[in-house]
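Following: one structure in structure tokens, then a few remarks.
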């Protein structure tokens with residue numbers, strides 16, 4: 001099943017505002033860049049994906065994404081995550097992609113084996129919505145959609161239940177998957193602590209960036 005990963009990325013100057021009490025602007029931008037790089041490297045190395053589509057107005061992201069072979073498109077509207085991924089869904093439909101993975105750039109611990117297992121065991125269709133919640137269980141960290149337009153993504157607070165309702169309204173099967181390394185999105189100081197306290201070797205660029213940032217305090 002031809003599968004495209006869609007990764008929306010805000011300009012770094014707009015990213016991670018909820019960390020402003022802990023990190024200054026430069027430090028937040030450093031962290032945001034490292035997280036996206038970790039995610040991009042995992043996506044580009046995952047053979048179960050047939051491509052990666054990045055939508056962003058951040059030049060640094062566009063540069064590394066193109067270097068890793070991703071398709072890059074500017075985020076013309078800058079109207080949020082749901083609007084951004086719609087461009088990737090349109091591209092998928094135009095190019096015969098059968099399934100899309102909507103994944104954020106702030107889950108830097110993403111593990112390649114877990115991602116491959118998610119793609120192998122979930123979302124085979126014909127009408128399928130797979131939701132990966134956040135660790136609180138109320139938001140959505142990732143969606144696996146078959147076909148790409150089976151629902152219109154509606155990210156934001158409370159999106160887990162919203163996506164379940166949209167799947168039901170579309171007559172699609174709805175699964176909940178919980179790959180551990182996709183449950184942690186880094187938005188708050190508590191998330192940072194959870195990432196740094198986690199075991200394993202994931203998020204190498206993010207961990208290195210955080211080490212430099214913390215040393216600078």
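The values are calculated or read from the model by the stated rules, or taken from the named source; none is laboratory data. Keep in mind that what you see is a predicted model, and the values were worked out from it rather than measured. Neighbour counts run over all protein chains shown; Cβ positions are idealised from the backbone, glycine included.
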Taking residue 151 and the conditions (1) assigned to a loop (DSSP other than H, G, I, E, B); (2) more than 17 Å from the chain's Cα centre (by Cα); (3) surrounded by fewer than 20 Cβ atoms within 10 Å (Cβ to Cβ), which numbered condition does it fall short on, given that it satisfies the others?
(3)
Meets criteria (more than 26 Å from residue 190 (Cβ to Cβ), at pLDDT 95 or above, in a helix (DSSP H, G or I) and in contact with a helix residue (DSSP H, G or I) (Cβ under 8 Å, 6 or more places away or on another chain)) for residue 168:
no
For residue 130, the lone unmet condition from (1) closer than 27 Å to residue 89 by Cβ; (2) assigned to a loop (DSSP other than H, G, I, E, B) is (2)
Please enumerate the residues belonging to the stretch 126-144 that are closer than 15 Å to residue 99 by Cα, buried (at least 17 other Cβ atoms within 10 Å of the Cβ) and in contact with a helix residue (DSSP H, G or I) (Cβ under 8 Å, 6 or more places away or on another chain).
129, 130, 131, 142, 143, 144
If I ask for residues that are surrounded by fewer than 19 Cβ atoms within 10 Å (Cβ to Cβ) and modelled with pLDDT of 95 or more, which ones from the stretch 22-42 would you list?
41
The listed residue being touching a residue at least 24 places away in the same chain (Cβ under 8 Å) and within 14 Å of the chain's Cα centre (by Cα), out of 171, 105:
105
Does residue 83 satisfy the criteria of being touching a residue at least 24 places away in the same chain (Cβ under 8 Å), buried (at least 16 other Cβ atoms within 10 Å of the Cβ) and not in a loop (DSSP other than H, G, I, E, B)?
no
I'd like to know if the stretch 105-125 contains one or more residues that are at pLDDT below 95, in contact with a strand residue (DSSP E or B) (Cβ under 8 Å, 6 or more places away or on another chain) and within 14 Å of residue 44 (Cα to Cα).
yes
When you check residue 115 against the structure, is it closer than 20 Å to residue 184 by Cα, in contact with a helix residue (DSSP H, G or I) (Cβ under 8 Å, 6 or more places away or on another chain) and not in a helix (DSSP H, G or I), yes or no?
no
For the stretch 43-68, give me the residue count where each residue is out of contact with any helix residue (DSSP H, G or I) (no Cβ under 6 Å at 6 or more places or on another chain), free of Cβ contacts under 8 Å to residues at least 40 places away in the same chain and surrounded by fewer than 17 Cβ atoms within 10 Å (Cβ to Cβ).
4
